Amino acid sequence: MPDLFDIDDLDPAAWERVLRLALDDPPQKRLAGQGVALLFEKPSARTRNSTEMAVVDLGGHPVYIQGSEVGLDVRETAEDVARTLACYHRVLCARVFDHRLLPRMAAALSRSGFEAPVVNLLSDTAHPCQAVADVVTMREALGRLDGRVLTYVGDANNMARSLAKAGLLEGMEVRIASPAGYAFPAEELAALQAFADQLGRGGTVQLSDDPSQVAKDAAVLYTDVWTSMGQEAERARRLAAFEGFTVDDDLVDQAADDAIVLHCLPAHRGEEISDSVLEGPRSLVWRQAAHRRTAMRGILAWATEDGA
Ligand code: CP
Ligand code: NVA
């Protein structure tokens, strides 16, 4: 099945196909008469609304389901929830705490002969749908991305991981600055570079603990919250650890002349990004948020394509 757990589920051909389908006129009838399950174990503003509207764009019917309603592994197993939802829906989209639930659900569907793909709407590990929207936004603003610098400043989290892979698929020079204790471990850096090498698009990835160093000549400055959903108990410790990692005007001044600033949102002004940068002329965060719908059309059209 064309499941999407993270960006590296897409080979270069599938990656280009998703982006192409995102920008093409929506295949209106693709989901005609069909449902799409949107299961959320965590809150959402952008992902729920953009995905619901993308399903409508493709002629389908979205059904929003709160995690507590179905109780993954509480009321019944995640496998049984998945197979139940697949009785009614063409695609299962889910935002989960534990990433491992997604392949478990997909495996159960496959074992039982269901054809519904599973799409990750954010897990503790990855946020691929956001990263597709980010590349749509970057390509629109900057044109060709290969060889350009994509700088992420902040927590080496779900967003950073999916964004880095998307940047490598684009052949970008990916730089990630995180404080000690919140960086990708050496083995994950090696895996990311191996992913880039296998793509053969010239992408590179490097880690740093110095935001100024990675911001130099960046075409894209990207950040995300320091405390992700589910980490709220760590907030005080994280606020202290990330001091000096705010994307502010001084940092933006070091980027390329045509640099853009992106943030997946929600934003915490004065923490990971200053108000003046978020509201400033480099910031494309609302265009980026709008492209969540563009991207979801591409992802859903790809996932339901014959032979995908
Ligand atoms: N960027 C993003 O996924 O936002 P939501 O959490 O509001 O869906
Ligand atoms: N890293 C953030 C992304 C929010 C869209 C989180 O997981 O909460």
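Bear in mind that the values in this text are calculations on the coordinates, not laboratory data. Just so we're clear, the structure is a prediction, and the values are computed from it rather than from any experiment. Neighbour counts are summed over all protein chains in view; Cβ atoms, including those assigned to glycine, are modelled from backbone coordinates with ideal geometry.
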Practice problem: Sort out for me the Cα centre separation of region 210-277 from region 125-179, rounded to whole Å. | Solution: 14 Å
Quiz item: So what's the convex hull volume per residue for the Cα atoms of region 231-306, in Å³?
Solution: 134 Å³
Quiz item: What ranking, highest mean first, results for peptides 47-58, 119-130 when packing means the other Cβ atoms within 10 Å averaged over each residue?
Solution: 119-130, 47-58
Quiz prompt | Shape category assigned to region 104-238 from the gyration tensor of Cα positions, a/c cut at 1.5 | solution = oblate
Quiz item: Which whole number in µm²/s is D for the chain by Stokes-Einstein, with the Kirkwood Rh taken over Cα pairs at 37 °C and 0.692 mPa s?
Solution: 168 µm²/s
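Determine how many Å³ per residue the convex hull of the Cα atoms of region 29-82 encloses. Intermediate values should be presented prior to the final figure.
Values: hull volume 3.9 nm³, N = 54.
Hull volume over Cα atoms, normalised by residue count, gives 71 Å³.
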Quiz item: On a 0 to 90 degree scale, rounded to 10, what angle separates helix 46-57 from the longest Cα axis of the chain?
Solution: 50 degrees
Practice problem: Take the chain, connect every pair of alpha-carbon atoms lying under 10 Å apart with a spring to form a Gaussian network, then pick out the residue of 289, 259, 186 with the largest mean-square fluctuation. | Solution: 186
Exercise. Please give the peptides 11-24, 231-244 ranked by average Cβ packing (other Cβ atoms within 10 Å per residue), highest first, as a rough proxy for protection.
Key: 11-24, 231-244
Self-check item: Value of D in µm² per second that Stokes-Einstein yields for region 1-140, Kirkwood Rh from Cα pairs, at 10 °C (1.306 mPa s)
Solution: 104 µm²/s
Quiz item: When the distances between all Cα atoms of region 98-168 are binned every 10 Å from zero, what whole-number percent does each bin get?
Solution: 18, 40, 26, 14, 2
Self-check item: Spherically averaged projected area in nm², based on the convex hull that wraps the Cα atoms of region 156-212
Solution: 3.5 nm²
